[in-house]
Structures are given as structure tokens and as C-alpha cells.
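What follows is a short report on a single structure.
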Amino acid sequence: MNGFSLKSRAIAFAICAGAFVFILALAATSRGHYDVASAARALIAAIICAAMCWAYAERSIAVTAEAIDAAIDRLARAAGGDLESEIPPQVAECVPPLAEAMNGLFQQLHANLESVQRLALFDPVTSLPNRVHFRRSCERMLADMPADTMAALFFIDLDRFKAVNDTLGHAVGDQLLAMVANRLRAVGDRFSVEDAQGPLIGRLSGDEFTMFFPTLAQIGDADRVGRAILFALSETFDLADQEVSIGASVGIAIRPVHGTTLTDLMRAADAAMYHAKAQGRGRAEHFTERLAAEIAERAQLESDLRGAVERQQFELVYQPQVGVAGGGIVAAEALLRWRHPERGLCLPATFIDRAEETGLIVEIGEWVIENVAATIARWGEMGIEQRMAVNISPRQLDHAAFFHRLRAAMQAAGAPAHLLEIEITETLAMHCSSDVIEAIAALRADGATIAVDDFGTGYSNLARLRDLPLDRVKLDRSLVEHVATSAEARTIVQAVIGLIHGLGCEVVAEGIETAAQLEVLRVIGCDILQGFYIAEPMAEAEFLEWARQLPAYPTRAAG
């Protein structure tokens with residue numbers, strides 16, 4: 001121990017006391033004459049005093065000092081992490097309050113460390129291993145397995161948990177998660193193999209659970225476990241004085257068929273789970289070669305899309321919209337195309353969904369914005385006052401900042417705002433935030449026009465539709481498809497057109513492929529027409545040439 005112990009300090013006190021007595025005795029007996037005799041008498045007195053002080057210290061202090069020294073040494077070891085060793089017995093004998101305090105302190109520290117460790121490794125709601133603990137434990141189990149051992153990983157996602165959270169509150173949702181965990185434990189206990197390690201169950205996050213069976217006799221056993229999980233979670237739960245039904249979708253990955261590492265098995269089970277959801281939920285699906293091919297294809301598509309963004313492999317084509325009244329061009333819709341180096345020209349339907357999943361749609365959207373603004377400005381310099389319509393993706397519409405960037409891009413390019421038309425889908429129009437609506441209104445105040453695209457595919461709230469800053473509504477092609485051959489379809493479209501006109505908006509019909517469709521839509525009051533029958537999407541030079549020639553549109557002949 002560094003420094004002076006209490007025992008050494010007691011010895012020092014005895015020496016100091018003896019020295020002090022020596023000085024006093026020498027002064028008292030010498031009478032001003034210091035000689036050997038007076039010094040000897042004083043030294044005798046000092047020795048007697050020091051001995052008495054030491055005897056007293058030895059009797060009343062030394063034992064306590066040693067106990068305190070032992071306590072200090074024990075505290076030093078505790079600071080180094082030793083909370084398990086016993087309190088030294090001399091501390092308990094000589095200083096009981098100190099021993100009791102030290103014992104309580106170590107117990108509290110030990111409990112606190114256990115609590116911290118539990119919080120770090122276990123989910124507080126379900127008491128199951130959390131993501132970190134599950135992964136570590138599962139990786140250790142996989143590493144210790146013989147190469148040919150069959151095991152199964154189940155990825156479990158609750159189907160209607162969000163509805164419970166939203167309607168009954170998060171506290172009830174936590175109760176439900178705890179009950180789900182108990183049912184999963186019961187399934188694990190039911191299928192545990194005697195004298196073998198039981199299944200490892202974990203909660204990854206939210207309503208996602210995992211179950212790993214380290215011992216599996218055959219693949220059929222995984223099917224039975226999957227069915228048991230579905231049955232256990234399909235049974236109603238008694239919550240908040242009512243019965244709640246949720247269900248689950250389960251993905252199954254088998255070791256070593258689908259991988260030998262946890263990363264491979266998790267990826268496979270996760271993909272199988274999403275496939276189960278896509279097949280209608282409430283199912284248990286195995287990972288298959290077809291799913292593996294789809295994953296590889298999605299990964300390749302994502303890689304190609306990133307390369308397309310970097311190499312600017314995208315281009316815009318333009319499809320005219322013509323007015324029924326005069327037959328002239330009233331707008332051109334800018335449509336995105338991807339010039340793939342191997343697949344050729346790709347339509348948006350082949351890559352937009354993946355672009356939105358990966359977030360690349362934001363970068364692609366920025367490219368579209370800049371090119372639309374530059375095209376409008378370039379056409380303006382050529383004396384072409386042509387309104388241009390552009391679609392906005394859901395990911396872009398989520399943020400009002402997109403519209404601010406759009407306004408900035410238009411201003412930077414010197415493109416007049418009144419030549420820009422923004423198209424948003426009906427579903428997005430119904431659910432966009434107030435901030436987005438304000439941003440759209442600000443863009444409209446600059447002169448831009450706003451259109452709702454694909455009208456008729458969602459569930460419109462007419463009051464909200466009336467309050468939105470809209471100029472045009474585009475009928476979805478599914479409404480237009482049978483308008484020339486079905487009286488019911490004509491009646492529906494005519495009613496929809498009357499409704500849109502009642503909101504003070506123009507009606508645009510897209511997807512027109514026959515003269516009969518065009519004639520019916522003209523007669524029942526559609527304002528603007530668009531489709532392959534009028535013109536296919538064209539590159540910029542081709543579109544400008546087509547517009548200059550101004551062919552005799554069918555709308556003119558019909559009029």
C-alpha cells in the first residue's frame with residue numbers, strides 16, 4: 001500500500017511524544033547546564049513516555065489500524081473489479097460499522113452491474129435476449145457445431161401489431177409483446193430435444209422475433225415448429241378487457257443448406273419472411289433458390305442503379321397532352337427512361353420500386369428536376385412556351401424541402417414557373433403533411449400547376465381533395481380502358497368527370513389507345529387527352545419536330 005499506514009503513524013506519534021518529553025525533561029533538570037547526566041535523565045524519561053505511548057497505541061490503536069489497513073486494501077481490490085471476495089475478518093471484529101457499510105456497498109454495486117448487464121443483453125419488455133445478445137449467443141453456437149449438423153433459424157414478424165399500438169396504446173402493446181414472448185417460449189419448450197441445448201429466442205426490434213433451434217433431426221421438424229408458431233400467435237390475446245388477434249409471418253432458414261453463418265441465415269430467413277407476407281401473411285415459408293435469385297437480382301439492380309446515377313445513364317422522353325377544345329398541345333409529360341448498357345432502354349416500372357426502396361430515387365429525382373428546369377429554359381429560348389409535367393415520387397413528397405429545391409432549380413435555370421406542372425398520385429395527395437401542402441401551395445403561387453395522377457386507384461377524401469391546391473386531375477388508365485365498350489364504365493367516368501369539374505379542376509385522360517376511347521372521352525366532357533393513340537413518348541428532338549409539324553389530331557377530326 002502506498003503512503004503511511006495507521007500503524008506506522010501510531011509509531012511515529014510515540015516517537016514524537018518521547019522526543020517532546022525528552023526536551024521538557026532536559027530543560028527541567030539541567031537548570032541551564034547541559035551535561036551527559038542531565039541528558040541521560042531526560043532520555044530515560046523520554047524512553048518511558050514513548051514506551052507508554054506505544055503500549056497504549058498497540059493496545060487501543062494498532063489492531064484498529066491494521067483492520068483499517070485491511071479495509072483500504074480490500075477497497076483497492078474492489079476498485080479493480082473484485083466485488084466477490086469476503087470482507088477481511090479483522091475489519092468485522094474491530095470496526096463492525098465499516099464492515100457492514102463495505103458489505104452493503106459491494107452488494108449494491110454488484111446488483112447495479114447485474115442490472116446494467118441485463119439491460120445491455122436482454123430486452124426489458126419481454127426478458128428475451130436482445131439483438132446483440134442473440135447474435136453473440138447464436139454465433140457461438142454456430143461456431144461450435146459440427147459441419148453436418150442441421151439447425152433452423154426462424155424469423156418471426158407480427159402481422160397486425162402496429163394496429164394494436166395505435167389503437168390501444170404502447171403500454172398495451174408492451175403487454176402484448178410480453179405475451180407473445182411467453183407463447184414462443186412455450187413453443188420452444190415443446191420442441192426441445194431431451195439432453196440437448198434448447199432453442200434460443202430473441203427479440204430483434206419492434207415486433208420482430210427470432211428463434212434458433214441448434215438441433216434438428218430433419219427439415220420436416222422445421223415445418224412443424226413453423227406451424228406451431230403460427231398457431232400459437234393466431235390464438236387471441238386477452239388485453240385491456242378485450243380479445244386481440246394479430247397473427248404472424250414466419251421465414252425459415254436451414255443450416256447448412258442456406259448458410260453456416262448467422263449473417264447468411266438471417267438474410268435467408270428475413271427474405272423468406274417477406275415472401276410469406278407477400279403471399280398473404282399468416283404463413284411460414286422456407287427460403288428457396290427462387291428467393292435467392294430474386295435477392296441477387298435486387299442486389300444487382302441496386303448496383304446497376306448506383307452506376308446509372310454516377311454515369312448519368314438516365315434520359316427524359318416527352319409525351320404530348322392535347323386539348324379537346326382546339327386539338328393543340330397543352331403540355332408535355334416528361335417521362336424517365338434508363339439507358340442500360342446491357343438491357344437497353346428500361347421503363348420506370350422495371351426499376352422505380354427498387355430505387356425507392358434503396359433511397360436512390362432521391363438522387364434520380366434531383367437529376368430529373370435539374371433536367372426538366374434546363375429543358376423548360378432551353379425551350380423558352382427557342383420561343384416554345386410549352387408546359388411540362390413531371391411525376392413526383394413518394395420518397396420526394398415526404399419532405400417539403402424537395403419543393404424548395406425544385407423552386408431553386410427553376411430559378412437557377414431561368415425557367416418560368418408557369419411552364420411547370422407537378423403530378424402527385426391520388427394516395428400521396430390524401431396523406432401528405434401540412435408542411436408539404438404549404439410547399440406545394442407556394443410553388444403554385446409562383447405560377448406552377450398541380451395535378452393529381454392515377455385518380456381512381458385510391459380512396460379519395462373529397463373534402464381533402466377540395467382543400468388541396470389543385471389544377472388538374474388525371475384519370476387512371478384503368479378507368480379509361482373500357483370506356484368505349486362498357487356502358488357502366490362510361491357512366492362511372494362521366495360521373496367522375498362531373499365531380500372533378502365541380503371541384504374547379506380540369507380532367508386529363510391518359511392511356512388512350514383507340515379512336516373509340518378518344519371519341520367517348522371527348523363527348524362526355526374530358527378536357528385533355530394523352531396516350532399512344534395520340535403519340536408515343538419521344539426524345540426531345542423528335543418531340544419538337546412532331547410539335548412543329550402539328551399533325552391533324554383525331555380530336556380535330558372528331559370536332
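Among (1) part of a loop (DSSP other than H, G, I, E, B); (2) of a type in the set (D, E, K, R); (3) at pLDDT 85 or above, where does E84 come up short?
(3)
How many residues, within the stretch 262-286, are crowded, with 21+ Cβ neighbours inside 10 Å, small (G, A, S) and part of a helix (DSSP H, G or I)?
So the count comes out to 5.
Looking at V520, is it open to solvent by less than 20 Å² (accessible area, probe 1.4 Å) and in contact with a helix residue (DSSP H, G or I) (Cβ under 7 Å, 6 or more places away or on another chain)?
The answer is no for V520.
Taking the stretch 224-244 as the search range and keeping residues that are acidic (D, E) and assigned to a loop (DSSP other than H, G, I, E, B), which one is nearest to F161 (Cα to Cα)?
Here the answer is E235.
Tally the residues that are touching a helix residue (DSSP H, G or I) at 6+ places or on another chain (Cβ under 6 Å) and at pLDDT below 75, restricting the search to the stretch 399-429.
The number of residues fulfilling the criteria is 2.
Does any residue of the stretch 387-394 turn out to be hydroxyl-bearing (S, T, Y) and modelled with pLDDT under 80?
Of the residues in the stretch 387-394, the ones hydroxyl-bearing (S, T, Y) are 393.
Cutting the leftovers down to modelled with pLDDT under 80 gives us 393.
Scanning the stretch 387-394 turns up at least one residue that is hydroxyl-bearing (S, T, Y) and modelled with pLDDT under 80.
Among the listed residues D195, D174, D221, which satisfies the condition of being modelled with pLDDT under 90 and assigned to a helix (DSSP H, G or I)? Please lay out each step first, then the result.
Numbers: D195 fails: assigned to a helix (DSSP H, G or I); D174 fails: modelled with pLDDT under 90.
Every option except D221 fails the conditions.
Contact list please: Cβ distance under 6 Å, first residue in the stretch 486-512 and open to solvent by less than 20 Å² (accessible area, probe 1.4 Å), second residue in a loop (DSSP other than H, G, I, E, B) and of a type in the set (A, V, I, L, M, F, W, C), pairs at least six apart or on different chains.
A489/V483; V493/V483; C505/L470; V507/C526; A509/C526
Pick from G251, G328, G259: which is over 30 Å from R339 (Cα atoms), of a type outside the set (S, T, Y), in contact (Cβ under 8 Å) with a residue 40 or more places away in the chain and surrounded by 14 or more Cβ atoms within 10 Å (Cβ to Cβ)?
Only one candidate passes the filter, namely G251.
Kindly provide the set of residues from the stretch 120-131 that are open to solvent by 50 Å² or more (accessible area, probe 1.4 Å) and assigned to a strand (DSSP E or B), ordered by number.
Result: F122, single match.
What about F134, is it open to solvent by less than 50 Å² (accessible area, probe 1.4 Å), of a type in the set (F, W, Y), touching a strand residue (DSSP E or B) at 6+ places or on another chain (Cβ under 8 Å) and in a helix (DSSP H, G or I)? Walk me through it before giving the result.
Values: open to solvent by less than 50 Å² (accessible area, probe 1.4 Å): yes; of a type in the set (F, W, Y): yes; touching a strand residue (DSSP E or B) at 6+ places or on another chain (Cβ under 8 Å): yes; in a helix (DSSP H, G or I): yes.
Yes, satisfied.
Can you confirm whether the stretch 135-148 contains a residue that is over 20 Å from H258 (Cβ atoms) and of a type outside the set (K, R)?
no
Going by the conditions given, is Q396 touching a helix residue (DSSP H, G or I) at 6+ places or on another chain (Cβ under 9 Å), open to solvent by less than 50 Å² (accessible area, probe 1.4 Å), part of a helix (DSSP H, G or I) and among the polar types (S, T, N, Q)?
yes
Give the residue, chosen from H482, H418, that is open to solvent by 20 Å² or more (accessible area, probe 1.4 Å) and not in a helix (DSSP H, G or I).
Selected residue: H482, the only one of H482, H418 that is open to solvent by 20 Å² or more (accessible area, probe 1.4 Å) and not in a helix (DSSP H, G or I).
Does the stretch 526-543 hold any residues that are open to solvent by 20 Å² or more (accessible area, probe 1.4 Å) and farther than 23 Å from T425 by Cβ, and which are they?
Hits for the stretch 526-543 are Y533, A539, E540, A541, E542.
The values are calculated or read from the model by the stated rules, or taken from the named source; none is laboratory data. Nothing here was measured: the structure is a model prediction, and the numbers come from that model. Positions of Cβ are generated from backbone atoms using ideal geometry, with glycine treated the same way; all protein chains shown enter the neighbour counts. Please note that ligands, DNA and RNA were not included when accessible areas were found on the heavy atoms of the full protein model with its side chains. Shrake-Rupley method; radii C 1.70, N 1.55, O 1.52, S 1.80 Å.
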